[in-house]
Amino acid sequence: MTRDFSTVGVVGLGTMGAGIVEVFARNGIDVVAVEISEPALERGRATLSGSTDRAVAKGKLAAADRDALHERVHFAVGLDALHSVDLVIEAVPEHLDLKQRIFAELDRVCRPETILATNTSSLSVTEISVATSRPNQVIGIHFFNPAPVMKLVEVVRTVVTSPEVVADVEALCARLGKVDVTINDRAGFIANALLFGYLNHAVGMFEAHYATREDIDAAMKLGCGLPMGPLALMDLIGLDTAYEILDTMYRRGGRDRRHAPVPLLKQMVTAGLLGRKSGRGFYTYERPGSPVVVPDEATPLATEAAVADGARAITKVGVVGSGTMATGIIEVFAKAGYEVVSVTRGMEKSAKVCEAVKTSLNKGVVRGKLAEADRDAALGRISWSATLDHLADVDLVVEAVVEELSVKKALFASLDEICKPGVVLATTTSSLPVIDVAMATHRPADVVGLHFFNPAPVMPLVEVVRTIRTSPEATATARAVCAALGKTGVVCGDRSGFIVNALLFPYLNDAVKMLEASYSTADDIDHAMKLGCGYPMGPFELLDVVGLDVSLAIQRELYLELREPGFAPAPLLEHLVTAGYLGRKTRRGFRDHSHR
Ligand SMILES: NC(=O)c1ccc[n+]([C@@H]2O[C@H](COP(=O)([O-])OP(=O)(O)OC[C@H]3O[C@@H](n4cnc5c(N)ncnc54)[C@H](O)[C@@H]3O)[C@@H](O)[C@H]2O)c1
């Protein structure tokens, strides 16, 4: 028979605790909500009221249900109020000694049959459990932030947690409308083990001035469809909490340097910049606890004049290449009103590209997204050529030929001879150093990377890559062109993977390593990232779509350039590629797609 949890206790009403109280009370369970002092209790009460009031304002909760919810919560200072609850969830700061002290006290205060749970993100549940006389009734119940919204709960069993306790907690999660994954006690469990290396890396990029906070966040939102960028997420998690989680994961998780907190984090915590909860972290908020970002001294000017500052006028654009990317890019420029010269290696190829552009534009017409007249005008702006000589009078060239350095260098040397002075020369390379291509010309100051995402007409992001030789005018021109195309251009340095791939692929590779270590299954890992972190696809779904060979190649490049031991490609990924399991395109990757 499963336990009936009619009253639960929550210890610590900060970022997580207040949300956990709401989850229980919303589901008809009485809650004893405990804090360390009256002011802290008031803060917790205010957080709960703020959250439920917002839910009412959004029409997600009836006013009467909100009032009933609040009636179910009993607030108290001190653990003694927890003497008769069925379950306690602890959500105090991420320090082992503090948690151990609280568990020892809970063990004394609570009834013998009460289950004691921790919401820790990275500490050892086992080490917390041995502070009690009932380690078999201690378990991890790891909620995600914001607890009322995120569907996932990681249930963490230690080697001594009794199977009945695990089953009871799993049943409770279902009653709360949550999806649970049950796993063993390992630093970071599933989601944080995959998330925090990525977050720390993003902070490192920001610290190194590799890109601005806005550009790093926009890149991951628009390039990967994430609900928020990594720096905004750090602010939501709380920088003090994030620091402790990273520090613990570094110490417990094999001293992976990627988990060693970036020094800037410690400085920000010391300076009281804790994120949303203190009103300032990577961004500045309206007031402490508010989700509303307000402009500060680092906010870029958003006016058109500012974007175009120093930019050169562009009316005619050359696009070199005949593949998927070139075809999409031609369409994007022509639709935005630019005159386009398409150059391929022969008129047959030009005819094919022309057909592909027409087909794509026609789809837009059929879907009602493009007027027939606009389609015709766009097509009328494109001229088709098989010789680079026709690029003599363009203002911008976008190169999208095969991803081979020798081919690109030869092409840029030719462009250098043919194009007029002042032209911006752009490469769409996703993995080669832009500076190598730039140095094939006598005008490296005019060379930038314009990394479009596939499919170019759909994806809203372009990475603008500036090398150490790129002039501010060329960068400004590239940014202004992105804006004119209706895309978000994010500016970054010339390093392997730019922003998106450098942050995305190590995470995917880590997921493969986790699977390889048999810590969890592909399904549970995919679930965890989708339901715990709001990712549109889980890592294995995404790897099968991107292609395992492509993913392996990108991961190898990152590893070779940055020499980061943690970036070494997962052996399982290499084996699957060797076996020809490349993902959807071969009908088998991490999953079998032959019947779909
Ligand atoms: N922030 C996140 O995104 C997140 C997500 C999942 C899990 N967690 C985990 O949840 C736990 C809490 O993290 P948080 O971000 O909510 O921290 P927080 O700093 O926002 O809140 C902690 C609360 O605990 C209270 N507290 C401290 N000592 C106490 C005591 N002795 N008795 C009662 N209350 C006490 C504090 O007053 C504070 O309100 C940590 O273990 C963290 O790793 C955090």
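The values are calculated or read from the model by the stated rules, or taken from the named source; none is laboratory data. Not measured: the values here are computed from a predicted model. Neighbour counts run over all protein chains shown; Cβ positions are idealised from the backbone, glycine included.
I'm trying to understand the selection: among the residues of region 426-460, which are assigned to a strand (DSSP E or B) and under 21 Å from Leu558 (Cα atoms)?
Of region 426-460, the ones assigned to a strand (DSSP E or B) are 426-427, 447-452.
Thr427, Val448, Gly449, Leu450, His451, Phe452, listed by residue number.
Taking the stated definitions as given, is Val159 in a loop (DSSP other than H, G, I, E, B), in contact with a helix residue (DSSP H, G or I) (Cβ under 9 Å, 6 or more places away or on another chain), at pLDDT 95 or above and not polar (S, T, N, Q)?
When the stated conditions are applied, Val159 passes them.
Quick check on region 573-591. Is at least one of its residues aliphatic (A, V, I, L, M), modelled with pLDDT of 95 or more and under 30 Å from Lys151 (Cα atoms)?
Yes, region 573-591 has at least one match.
Which count do you get for residues in region 15-31 that are among the aliphatic types (A, V, I, L, M) and closer than 13 Å to Arg45 by Cβ?
4
Under the condition of being touching a residue at least 40 places away in the same chain (Cβ under 8 Å), within 15 Å of the ligand (Cβ to nearest atom) and under 24 Å from Arg111 (Cβ atoms), which residue from region 25-58 is surrounded by the fewest Cβ atoms within 10 Å (Cβ to Cβ)?
The residue in question is Ile36.
Do you know which residues across region 494-508 are in a loop (DSSP other than H, G, I, E, B), in contact with a Pro (Cβ under 9 Å, 6 or more places away or on another chain) and not small (Gly, Ala, Ser)?
Listed by number, the residues that qualify are Asp494, Arg495.
Give the residues of region 127-152 that are at pLDDT 95 or above and of a type in the set (S, T, N, Q), sorted by residue number.
Passing the criteria: Ser129, Thr132, Ser133, Asn136, Gln137.
Taking region 130-156 as the region of interest, how many residues are among the charged types (D, E, K, R) and part of a loop (DSSP other than H, G, I, E, B)?
Qualifying residue count, region 130-156: 2.
Looking at Arg251, Arg258, which one is more than 15 Å from the ligand (Cβ to nearest atom), in contact with a helix residue (DSSP H, G or I) (Cβ under 9 Å, 6 or more places away or on another chain) and either part of a helix (DSSP H, G or I) or at pLDDT 95 or above (or both)? Before you say what the answer is, go through the steps one by one.
Working: Arg251 fails: more than 15 Å from the ligand (Cβ to nearest atom).
None of the others qualify; the one that does is Arg258.
When only residues in region 420-432 that are crowded, with 17+ Cβ neighbours inside 10 Å and touching a residue at least 40 places away in the same chain (Cβ under 8 Å) count, which is farthest from Val343 (Cα to Cα)?
Ser431
Filter region 67-98 for residues that are near the ligand (Cβ under 8 Å from one of its atoms) and within 30 Å of the chain's Cα centre (by Cα); which is farthest from Ala40 (Cα to Cα)?
Going through the qualifying residues, I end up with Glu94.
Does region 127-157 hold any residues that are away from the ligand (no atom under 14 Å from the Cβ), surrounded by fewer than 20 Cβ atoms within 10 Å (Cβ to Cβ) and polar (S, T, N, Q), and which are they?
Thr132, Ser133, Asn136
If a residue must be more than 15 Å from Pro539 (Cβ to Cβ), away from the ligand (no atom under 16 Å from the Cβ) and buried (at least 23 other Cβ atoms within 10 Å of the Cβ), how many such residues does region 216-240 contain?
Summing the residues that are more than 15 Å from Pro539 (Cβ to Cβ), away from the ligand (no atom under 16 Å from the Cβ) and buried (at least 23 other Cβ atoms within 10 Å of the Cβ) in region 216-240 gives 4.
Show the residue pairs meeting these rules: Cβ distance below 7 Å; 6+ apart or different chains; first residue within region 94-119 and over 17 Å from Ile36 (Cβ atoms); second residue in a helix (DSSP H, G or I) and within 14 Å of the ligand (Cβ to nearest atom).
The qualifying pairs are Leu96/Glu127; Cys110/Leu82; Leu116/Phe103; Leu116/Leu106.
Restricting to region 318-373, give me the number of residues that are assigned to a helix (DSSP H, G or I), surrounded by fewer than 16 Cβ atoms within 10 Å (Cβ to Cβ) and small (Gly, Ala, Ser).
Adding up the residues that qualify gives 2.
From Thr15, Thr7, grab the single residue that is modelled with pLDDT of 95 or more and either within 12 Å of the ligand (Cβ to nearest atom) or touching a strand residue (DSSP E or B) at 6+ places or on another chain (Cβ under 9 Å) (or both).
Residue meeting the stated conditions: Thr7.
Condition first: more than 13 Å from the ligand (Cβ to nearest atom) and either under 28 Å from Arg54 (Cβ atoms) or not aliphatic (A, V, I, L, M) (or both). Now tell me which residues in region 101-126 satisfy that.
Across region 101-126, the qualifying residues are Asp107, Arg108, Cys110, Arg111, Pro112, Glu113, Thr114, Thr126.
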